[in-house]
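Okay, so here's the structure we're looking at.
The values are calculated or read from the model by the stated rules, or taken from the named source; none is laboratory data. Treat the numbers as computed from the prediction; the structure is a model and nothing was measured. Backbone-built Cβ (ideal geometry, glycine too); neighbour counts: all protein chains shown. Ligands, DNA and RNA are stripped out before the accessible areas are found, and what is left, the full protein with its side chains, is counted by its heavy atoms. Shrake-Rupley method; radii C 1.70, N 1.55, O 1.52, S 1.80 Å.
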Amino acid sequence: MNAPDKATEIKALIAGIITFFTALWGWVGWAVALFVFCMLADYITGSWAATANGEWSSTVARQGLWHKLGEIVALAVAALCDIAITVILNTAAAPMLGDFDYKNYFTLIVAIWYTFTEMGSIIENAGKLGADIPPWLAKGIALLKNKADGEIPIKGKHEE
């Protein structure tokens, strides 16, 4: 087997894995996975920045972990809200509500909001490590986070 064939097999394997996980948990799952990745990256870069600047403290690190746990709990509550709404829409209340297509909005929005929060913190940590941060990048992340804070309309099929 030559190198181009091996590269094609590796690409096919990666595409297959991504396809499998997308079918398994959908795009909301990828949003949650991205949030978890950013959360870990924020903790690691924050620890590096604190160590590099001689400011590392186990108390502060522990507080950071508690903060991360709070984010996970908030995301879990959002997921529970989505589950409750789905159950309600699939019960006797469904005829009263009309034809309403609901797809895990709370989980997705909370995951995206926390992801932007974590990305902003990662950028701050990179600056503390000495990297030049383009001002537009930090502003762009803050803008996206603030946009997620805005009103997000949820439309039923009958309103389209």
Exercise for the section: Report whether or not D149 is of a type outside the set (G, A, S), modelled with pLDDT under 80 and open to solvent by less than 60 Å² (accessible area, probe 1.4 Å). Expected result: no
Fill in the blank from the handout: When segment 31-66 is checked residue by residue, the ones that are over 15 Å from S121 (Cβ atoms) and surrounded by 15 or more Cβ atoms within 10 Å (Cβ to Cβ) are A31, V32
Practice task
Taking only segment 74-83 into account, find how many residues are open to solvent by less than 80 Å² (accessible area, probe 1.4 Å) and β-branched (V, I, T).
Solution key: 1
Handout entry: Failed item in (1) more than 21 Å from the chain's Cα centre (by Cα); (2) at pLDDT below 90; (3) among the basic types (K, R), with K103 passing the rest
Key = (1)
Practice task
Please indicate, with yes or no, whether at least one residue in segment 11-24 is of a type in the set (D, E, K, R) and surrounded by 12 or more Cβ atoms within 10 Å (Cβ to Cβ).
Solution key: no
